[in-house]
Structure formats: C-alpha cells, structure tokens
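Student: After the structure tokens below, expect a handful of questions from me.
The values are calculated or read from the model by the stated rules, or taken from the named source; none is laboratory data. Bear in mind that the values here come from a model prediction, so they are computed numbers and not experimental data. Please note: Cβ atoms are built from the backbone with ideal geometry, for glycine as well, and neighbour counts cover all protein chains shown. When the accessible area is computed, the model is the full protein with side chains, heavy atoms only, and any ligands, DNA or RNA have been set aside. Shrake-Rupley method; radii C 1.70, N 1.55, O 1.52, S 1.80 Å.
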Amino acid sequence: MIGDNNDNRRIPVNAMKADSDLRGVAGGGGGGNAVYTNPALSESSISMNQPNSEFVGSNDFILVEESKSHSTKDAIKSIVPWMKRKADRAFTKKMLYRRLPILNWLPKYNTADAIGDLVAGITVGLTVIPQSLAYSNVAGLPTEYGLYGSFLGCFVYIIFGSCKDVPVGPTAIASLLTFQAVSGKGPAHAILLCFLTGILELLMGLLGLGFIIDFVSGPVSSGFTSAVALIIVTSQVKDILAIKVTGSTFAEQWVSIFTNIHNTSTWDTVLGISCIAVLLIMRIVATIKIGPAENTENEKCPDENKPNIFHKIVNKCLWIFGTSRNAILVVIGGCIGYSFYVNGSPPFKLIGDIPAGMPEFKVPQFGFTSGNTTVSFATMVSDLGSGIVVVALIALLENIAICKAFANGKTVDATQELIAIGLCNIANSFVQGYPGTGSLSRSAVNNASGVRTPFGNFYTGLLVIIALLFFTPYFFYVPKAALAAVIIAAVVFMVEVKVVKPMWRTKKSDLIPGLGTFIACLVLPLEIGILIGIGVNLLFILYHAARPKITVERLTSRTGVEYLMLTPDRCLIFPSVDYVRNLVTKHSIRQAAPAVIDCSHIYGADYTAATVIETLTKDFASRDHPLIFYNLKPSVCAVFEGLSPKEFVVCYTEEDLDRLLKSKHVYKPKDMLPV
C-alpha cells in the first residue's frame, strides 16, 4: 500500500532515468550499456507533460503488509456488491429486448407480415402434422405423442424465439435420441426427458453456455447427421416390410431385419415403396418452373423476359402441391385404408386408435407405480442417463444450424435460442410431449412460404390443435407403411454425401473425425458415437497445437553478422514448447549461427513454456551460443520472466538486434531485485 502525507516535491524526469537500473525493464532489471529494453512496458500510455519536464510525486513511500485473513462475513459482504452489479447489467432495457425478442418485431407488425405468417404457418402445419405422426413412431411412442409435442412449444417460441424461420416440434434426430434414451420404458420417461432437457437447456442459456456447441466441428456434425439419417431409415424398414425388429443401434437392427425378413408382408412392402416413389416425384414437382426465370436483381429487363401472371400462378400451385406432399399422401393413404377397412380386414397394418381431443395439462410424473412396482424419480433419471445431456446439446446444435442457415448475415444469439428451446420443451412436457427443437426441413418450407416473423408458429400450432380436436378419429385408417414412407423420403436427404468432395479438396484430414463419427454412431449408441467424434477432433486440434510450424531463415544483419531467424506460427503452450525447443536447438547447432526467435506470432504462453524457455536459455549460455528473443509481446514476456531467467535477452528494434549480434558478449540481464 502506498501512503502519502501530502509532503510532495518535484522530481526531474532525468533523475528518474538515471536510476533506471533500479526499476528494470520488463521485470528483468537493466543498466549500463544494456540493450535489453522493452518499449512496450517501459513507456506509459498516460501523458505526463508537466512544465519543465517535471512531475509531482511523493517523497514518502511506506510498504504495509496487509492481513490476508478474511472472515466469512467479509466474504459475504464482498459478494453483495458483485451481485448488485450483475443485476444492474441484467435488468436493462437492452437486455429485456434481447431476452424477449417479441418486443422487437411486435410494435412494427403490419398487414403484410400477418399475411406472410398466415400462409407460411398453414403450409408448415400441413407438413408438421404427418411428420409428427411419423416421428412418434421413431421415438417408440404411441402416435398421438407426436402431435402433443407440436403445438404449445410453437406458442412459447413466438415470445422467446429469435429466428423467424424456426417451427418448433418433433424432429427426426430428437425422436431417435429419445428412442435410445427411453429404451422402451414408456411415455412417462419420454415426458420427463422433455422436462429435464428443457430445464438443462434453460440453465445453460441463463449461464451463457451456448458456446459449447463450438466444440462440435462441421465434419463431426456431418458424420453424426448422416449416421442418424441411416439409423432412422433402418428403423422404418420394419413398417415397410411389416416385420418385428429389435435392437437400438444400426448394426443390431439390420441383424434383426435379416433374421425376420421371411415374415415380410407383400401388401405393406408394395404400398410403402410406392409411397416413397410418389413422395420423391412430388418433391421434384415442387422445383418445376415454367416460363422465363424470374430475375429480381434486374428490374429493367424487358417484360417478355419476365414470367407473367399465368406462369406465377402455375408455379405457385406446383410448389404448394409438392410442398404439401406429406399431407396429401396421408389423406390419400387414409382413404385407401378406409376403403379396405369398411369392406373387411385391410391387407396392410393401420395406425389404429388415437385418443381424440387435447392432452391433459399436468405436471410430468416424477415417479409412478406400475402394478406392484414403484419407480422413483431417481430411478427414472438413472434410466435416462446421459440422454438428458445429449438430447439438450444436439437439439441446440440442430436449432443453431437452422438459425445460421437463414440468418442472411445476421448474428445468431445461441444463448437466447437455448432459453427459447428450453422453455418450449418445459411447456411441451406439461402437455405430454417429448423433446423437440427446430426442424430443418420445415424451416426450409417456412422460409420459402414467405414467413415474416415468429408469429407464423401461431398458425402452425393452431392447425395441430384443430387436428387433435377434429381429425384424430380419421388417423385410424392411415397405413403405417405410408407414415414410414414419409420419414424415409424426408431423412434420406440428410445423408451429407455432398460435403465429402469439398472436404477432400480443402483439408483431407477433416475426413477422419467425420468418418470416425459416422462409423462410431452406426455401431455404438449415438451419445458415445458423437463423443468419440468430438474426442478425435480435439486430438487433431491438440496435435496441431503441439506441432507448430517454424520458419527457419538464414539472414545477414546490416553489420554483416549471419544469424538464424526462427519464427513459430502460434502460441507456446505445454504440448508444443518441447517440440519448439528441440527444433531451435537442432537448427542452431547445425547452422552454427546465433539464434533469433521472432515472437511476433506468439500471443500466449504458460508456466510449462516458461520453464522450458528458462532451460533453453541456460543451454545456449552453457555453449556460449547467442539466443535472442525478438518482438516478444509484453504479456508473454511477463510470463517468461516469472521464473527470473538469468540469460534471457529480448530486443524490439532492428538497431538493437544488430548491436546485440555484433557484440562479442551477449548481454545478460541483472538479477531481478528481491521484493
């Protein structure tokens, strides 16, 4: 602590400079004809322009040793101001608008926005209803649970969601992860999984942990998504063939398929394959355009080169017909199933009874009794295991990918999306839904339909409610093979074959974590597969950190002295510092020239690096071999000098470097003054 009794005197600046060896430069001391200078540290950024080059200072400096013991009461008192500052920053108008995105667009909502949201919401609703019926089968749950998780989350996302294109509901990936986490234990576990996943996502959002998804690289994500697509297709083969299949992994299911393939139903197989073909054809129909291509960039082009009203109407009808292919197929399939049912027993399997009406609004079960067995909350959580964390992280990854795809250059707030998806899942658990998130396929439909704000989710949720209230009796007649075809035709395009070629052209080593994730997810449970992929990716990152590239040049100074300039391309941290030390030593001995390490690209270092640098300087000094650090960052210099190296030489200008190289004896800084 510095005390001042207000007895001040004027001290000439030159007098301070004369005593520079007492204060040292960059923490290493100095004096005499020393060249060891660090302008970055020896000069202050504060102007001290006083008259006659003098400044006012105190002649009384007292060192007082403060007591380091603090009571618990003092610690609590110190926390209170910190919490107050945090609260002041959290409860501001800017933060309110960030956490409630509806406040940004609702005051500016107009008729054009309402029409765009209405059209998009209804279009997405026609897609989400058949997909929800089908995805509940992927999750291993009764058909109605897909619809239960498709409406309340839509309403919540209107308030808290930051991306206009995201329709919240069951997805292929979330359904498969739910299937593997629940493992056939029933809807109660799936609903609790939805609640706990939402709580975890909400907590991660409030704690600002959205950055976690940055550890999942593009190749790992592509490998995971492709493996999930194949697993989902495999899970639906049982409904196409109308056979019983067991197993949760890709390999186990295919073994079961080949074991029971002799029980295949011809009618179901023919119907399922026909439905897949129809869906793929209708998908192509949605992309057909007649007439001249519409050029929105050039408004001055002749009218004959623009599509007329007839062309626009036909193109829009073709697009709506192709986009609504799932709903059209389910309706036609239901009509076929009804015609067979009223005339006798249908030759293919139907969905069967679905409870009519809205689900009961209630708190998820935190334990239940089944017969003579009581299942506690702890047991249910133990049964779900790591699935709670995996479902939450993958849901965030899927949702952020959608937001980035339709962001149009805007930043994506991962923290806000975590909060929004978490609240959506919590709300869905109260109406017996299972975990969901944003769907890429439905988001593409939403965007293409001209959605303007997140309010499009209102019409989607409303359409699902209408389906629950009035149409559930008719879902009885929909063939299971038709729903399986809906899923297969949707997820087969999730296999990201198209990324292999550009990945091969850019960086071939990225194929290793991608392929590793793909294979691991196929042969192991998904949560283990993606952890293996992330682990492999981190090993690659650590390897590159441990093996920095070092440029070695033999140069001649302006005074005619030859020396080696060694330039590492990244920070010096514990995995890489021994490797750098060996290279520097090897090249300096082989070339028999002074070594200069250009530290321009070294932005950080750690304790291990400091110890190795200390050893390196001693090794060079023992051989009377000059070693100079050039352009060392002040923060890194402070780390290295923490161990008070005796032979540590730093310079920052070419003139100082030339002077050091020319001198017969390398400057050795004085010992640091004891504190």
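Conditions tested, residue by residue: (1) in a helix (DSSP H, G or I); (2) of a type in the set (S, T, N, Q); (3) modelled with pLDDT under 85.
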{"residue": "Ser222", "(1), (2), (3)": "yes, yes, no"}
{"residue": "Gln253", "(1), (2), (3)": "yes, yes, no"}
{"residue": "Phe258", "(1), (2), (3)": "yes, no, no"}
{"residue": "Val278", "(1), (2), (3)": "yes, no, no"}
{"residue": "Ile281", "(1), (2), (3)": "yes, no, no"}
{"residue": "Asn295", "(1), (2), (3)": "no, yes, yes"}
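Student: Take the residues of the range 464-484 that are β-branched (Val, Ile, Thr) and part of a helix (DSSP H, G or I): which is most open to solvent (accessible area, probe 1.4 Å)?
Tutor: Looking at the filtered set, the residue picked out is Ile466.
Student: I would also like to ask the following. What do you reckon, is His601 assigned to a helix (DSSP H, G or I), at negative phi and open to solvent by 30 Å² or more (accessible area, probe 1.4 Å)?
Tutor: Taking the combined requirement at face value, the residue does not satisfy it.
Student: Determine, yes or no, whether Ala242 is aliphatic (A, V, I, L, M) and on the phi < 0 side of the Ramachandran plot.
Tutor: When the stated conditions are applied, Ala242 does not pass them.
Student: Search the range 163-218 for residues being under 27 Å from Gly121 (Cβ atoms), charged (D, E, K, R) and assigned to a loop (DSSP other than H, G, I, E, B), and hand back the single one that is most open to solvent (accessible area, probe 1.4 Å).
Tutor: Lys164
Student: Same structure again: How many residues are open to solvent by less than 10 Å² (accessible area, probe 1.4 Å) and either farther than 24 Å from Ala277 by Cβ or aliphatic (A, V, I, L, M) (or both) when one looks only at the range 219-242?
Tutor: Selection size over the range 219-242: 8.
Student: Evaluate the following for Val612: is it in contact with a helix residue (DSSP H, G or I) (Cβ under 6 Å, 6 or more places away or on another chain) and either aliphatic (A, V, I, L, M) or open to solvent by 20 Å² or more (accessible area, probe 1.4 Å) (or both)?
Tutor: Yes: the conditions hold for Val612.
Student: Testing Val330 on (1) free of Cβ contacts under 8 Å to residues at least 24 places away in the same chain; (2) in contact with a Pro (Cβ under 6 Å, 6 or more places away or on another chain), one condition comes back false. Which one is that?
Tutor: Among (1) free of Cβ contacts under 8 Å to residues at least 24 places away in the same chain; (2) in contact with a Pro (Cβ under 6 Å, 6 or more places away or on another chain), Val330 violates only (1).
Student: Can you name the helices (runs of 4 or more DSSP H) wholly within the range 493-571 that have at least 3 residues being touching a residue at least 24 places away in the same chain (Cβ under 8 Å), within 24 Å of His601 (Cα to Cα) and open to solvent by 50 Å² or more (accessible area, probe 1.4 Å)?
Tutor: 526-546
Student: With respect to the numbered conditions (1) open to solvent by 40 Å² or more (accessible area, probe 1.4 Å); (2) within 24 Å of the chain's Cα centre (by Cα), which one is the sole condition not fulfilled by Arg452?
Tutor: (2)
Student: State all residues of the range 336-360 that are open to solvent by 60 Å² or more (accessible area, probe 1.4 Å), in contact (Cβ under 8 Å) with a residue 60 or more places away in the chain and in a helix (DSSP H, G or I); if no residue qualifies, say none.
Tutor: Ile336, Tyr338, Tyr341
Student: Here's another thing I want to ask about it. So, in the range 609-654, exactly how many residues are over 36 Å from the mean Cα position of the chain (by Cα), on the phi < 0 side of the Ramachandran plot and either assigned to a loop (DSSP other than H, G, I, E, B) or among the acidic types (Asp, Glu) (or both)?
Tutor: Of the residues in the range 609-654, 14 are over 36 Å from the mean Cα position of the chain (by Cα), on the phi < 0 side of the Ramachandran plot and either assigned to a loop (DSSP other than H, G, I, E, B) or among the acidic types (Asp, Glu) (or both).
Student: Follow-up. Check the range 587-597 and report whether any residue there is among the hydrophobic types (A, V, I, L, M, F, W, C) and either open to solvent by 20 Å² or more (accessible area, probe 1.4 Å) or assigned to a helix (DSSP H, G or I) (or both).
Tutor: yes
Student: Quick test of your reading of the structure: Gly140 fulfils all but one of (1) modelled with pLDDT of 90 or more; (2) surrounded by fewer than 23 Cβ atoms within 10 Å (Cβ to Cβ); (3) touching a Ser or Thr at 6+ places or on another chain (Cβ under 9 Å). Name the failing condition by number.
Tutor: All conditions are met except number (1).
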